[in-house]
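S.K.: Please find one structure pasted underneath; my questions will follow.
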Amino acid sequence: MFPKDFEFEKDQLIQLWMAEGFLRPCQETSVMEDVGNKFFQLLLQNSLLQDVKLNEHNDITHCKMHDLVHDLAGDVLKSKLFNLEGVGGENLSQLRYFGWDSPSDLIDNINEPGRLCTLFWRSNISEDMLLSFQFLRVLNLSMSGIKELSASISKLIYLRYLDLSYTEIKALPNSICKLYNLQTFRVNNCFSLEGLPDEMGNMISLRHIYYNSCYQFITGWGSRCIFNDHFQMPLNMGQLTCLKTYNFSR
């Protein structure tokens, strides 16, 4: 799904596995995130992941995948991942994943869009496009440049992961609060965002929320940081009883 040499965020990777339904709690490990951590360690121990970065507590925060492992994964997934090599040669009705390396100008070639479960998209997304992919579990619009999110986002009732980070979006439609299956919501570095919807407490499955209101930029005198002082938090966040990560920084 990601380009070669991409630096993964460990928690993000686990949250994507969780959204896809790959993590099944068991009697010994009842929390999905803990199951994901075990799988992550297995991949790391078998050298499928590398170049780890640690925080001040020596916990792994980021890593990369070796190019050869990336090629192998792409080959295994080629019938379900839209890429240049698969265009015209594969059965497009089997496609389930559309990544950042997928050719965006050919997305209309997908003849059964209802099967698509994961979409990484870096362009403007229309209402018609959202309605075409109603069975999405993962929608990553980070760095897409969108300024507005259609109210039709509420139609994606199976959505479990939504990333709007690094976009110019100013306000979120109230209909987003109808995404009752959403587990992970990321709006990092959305400096124009004025707040979260008032009814966000209704999103009963939310486990992880990420928001960073600081916009950092480089000047001739070093780096500077400006803050979004107009950001409003909803008052009913205490209703989110499944919440495990509430990463809110200003």
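S.K.: Hey, among the residues in region 191-209 that are touching a helix residue (DSSP H, G or I) at 6+ places or on another chain (Cβ under 7 Å) and part of a loop (DSSP other than H, G, I, E, B), which one's surrounded by the fewest Cβ atoms within 10 Å (Cβ to Cβ)? Break it down stepwise before answering.
M.R.: Going residue by residue through region 191-209, those that are touching a helix residue (DSSP H, G or I) at 6+ places or on another chain (Cβ under 7 Å) are 197, 199-203, 208.
After this cut, where a residue has to be part of a loop (DSSP other than H, G, I, E, B) as well, the list is 197, 199, 203.
Working: Pro197: 17, Glu199: 15, Met203: 23.
Result: Glu199.
S.K.: Also, quick follow-up: Given the condition modelled with pLDDT of 95 or more and either within 21 Å of Leu235 (Cα to Cα) or β-branched (Val, Ile, Thr) (or both), answer yes or no: does some residue in region 188-204 qualify? Working first, answer last.
M.R.: Within region 188-204, the subset modelled with pLDDT of 95 or more is none.
Scanning region 188-204 turns up no residue that is modelled with pLDDT of 95 or more and either within 21 Å of Leu235 (Cα to Cα) or β-branched (Val, Ile, Thr) (or both).
S.K.: If you don't mind, another one. Could you give every pair whose Cβ atoms fall below 9 Å, whose first residue belongs to region 111-137 and is closer than 15 Å to Leu95 by Cβ and of a type in the set (S, T, N, Q), and whose second residue is open to solvent by less than 10 Å² (accessible area, probe 1.4 Å) and part of a helix (DSSP H, G or I), counting only separations of at least 6 or pairs across chains?
M.R.: Sorted first by the residue in region 111-137, then by its partner, the pairs are Thr118/Ala19.
S.K.: What number goes with the only condition from (1) part of a loop (DSSP other than H, G, I, E, B); (2) within 30 Å of Leu131 (Cβ to Cβ); (3) modelled with pLDDT under 85 that Phe6 does not pass?
M.R.: (3)
S.K.: Across region 16-54, what is the number of residues that are in contact with a helix residue (DSSP H, G or I) (Cβ under 8 Å, 6 or more places away or on another chain), in a helix (DSSP H, G or I) and open to solvent by less than 60 Å² (accessible area, probe 1.4 Å)?
M.R.: The qualifying residues number 7.
S.K.: Are there any strands (runs of 3 or more DSSP E) wholly within region 55-167 with 2 or more residues that are open to solvent by less than 80 Å² (accessible area, probe 1.4 Å) and in contact with a Lys or Arg (Cβ under 6 Å, 6 or more places away or on another chain), and if so which?
M.R.: Values: elements: 60-64, 118-120, 138-140, 161-163.
Where strands (runs of 3 or more DSSP E) fall fully within region 55-167 and carry at least 2 residues being open to solvent by less than 80 Å² (accessible area, probe 1.4 Å) and in contact with a Lys or Arg (Cβ under 6 Å, 6 or more places away or on another chain), they are 60-64.
The values are calculated or read from the model by the stated rules, or taken from the named source; none is laboratory data. Please read all numbers here as calculations on a predicted model, not as lab measurements. Note that each Cβ is placed from the backbone with ideal geometry, even for glycine, and that neighbours are counted across all protein chains shown. These area figures cover heavy atoms from the full protein model, side chains too; ligands, DNA and RNA do not enter into them. Shrake-Rupley method; radii C 1.70, N 1.55, O 1.52, S 1.80 Å.
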